[in-house]
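Read the structure below first, then the notes.
The values are calculated or read from the model by the stated rules, or taken from the named source; none is laboratory data. Owing to the predicted nature of the structure, the values given are computational and were not obtained by experimental measurement. For neighbour counting, all protein chains shown are included, and Cβ atoms are generated from backbone atoms with ideal geometry for every residue, glycine included.
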Amino acid sequence: MGNAPQGLLRSVFTPPFILAAAMLISSALLAGPVASVLGYTRIKKRLELKAELHTLDESKLAPYVIYKGRTVDGKQILPPEVIDALGTEQYLSWVLEDTSVPPNDPLRNAQLDVTYYSGGHDLVPHTPDHCRRGAGYNPIRMDNIEIIVPGLGLDGDRLPVRACTFGKTEVFKREQVEVIYTFYCNGRFIATRDGVRLHLNDPSHRHAFFSKVEVSFPRANRDQSIRGAEKLLACVLPVLIEDHWPDFEAAERAAAERKAD
């Protein structure tokens with residue numbers, strides 16, 4: 001009987017139990033005092049836009065003009081089910097017309113969609129890769145590429161984007177669409193959903209936001225769409241950075257200074 005407690009302890013404190021306990025203790029420390037000392041943050045603070053997306057100044061997009069997308073008082077309202085699918089009320093969805101090209105040019109009309117998300121933790125970016133499948137489209141070709149967009153301070157003016165080709169076949173109709181998108185996440189341009197999630201979860205960041213910018217040209221093929229995206233994004237992205245998206249680095253510096261005080 002005297003050896004029973006020791007036998008019980010040996011049966012409980014097995015190597016797997018000790019390893020699991022050590023991992024739990026380490027996780028608790030990393031989530032608590034150690035994380036505080038190292039400046040690691042899991043739940044991120046929200047950053048507000050400088051100005052709501054629907055207020056974007058159309059005059060700064062020349063030669064593009066809004067063909068469709070504004071409603072009364074300049075506020076565009078999408079159907080509730082669409083907003084639910086987006087997961088945000090910060091959005092812009094315009095059909096643009098490039099007045100510098102002939103009416104029959106396949107790049108004359110463009111669809112521009114911008115959404116914005118911030119704060120919390122485990123933000124999940126929505127992408128056409130998944131949303132288009134829900135609408136009955138099948139992926140044909142999906143590539144992570146770089147296009148040339150000057151004026152953003154990027155190395156070699158190379159902007160990472162994802163170029164997607166989708167197809168839909170019906171009884172007497174075959175449709176193919178090209179979609180090109182990029183993310184602006186915590187001050188960086190990133191082409192992929194996984195890349196965004198990795199950057200958002202950087203433990204040293206106190207804030208978190210991302211914005212998806214998506215363009216398509218209904219009458220253009222893949223090569224034409226990539227060329228059109230270079231031109232359109234060169235107009236749109238500098239305006240979003242200057243007038244709408246928050247300054248991530250400034251917000252992080254301010255938060256660090258407040259903590260130091």
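Things to note:
- Residue within region 242-250 that is in a strand (DSSP E or B) and under 17 Å from the mean Cα position of the chain (by Cα) present: no
- Filter result (among the β-branched types (Val, Ile, Thr) and over 21 Å from residue 48 (Cα atoms)) within region 173-232: 177, 179, 180, 192, 215, 226
- Check on residue 43, at pLDDT below 90 and closer than 23 Å to residue 218 by Cα: no
- Neighbours by Cβ (under 6 Å, 6+ apart or cross-chain): first from region 139-155, charged (D, E, K, R); second not in a loop (DSSP other than H, G, I, E, B): 141/165; 143/163; 146/158; 146/160
- Strands (runs of 3 or more DSSP E) wholly inside region 132-235 that include at least 1 residues being modelled with pLDDT under 90 and in the same structural domain as residue 64 (by TED's automatic domain parsing): 138-148, 158-170, 173-185
- Matching entry among 101, 114, 124 (being modelled with pLDDT of 90 or more, of a type in the set (A, V, I, L, M) and part of a loop (DSSP other than H, G, I, E, B)): 101
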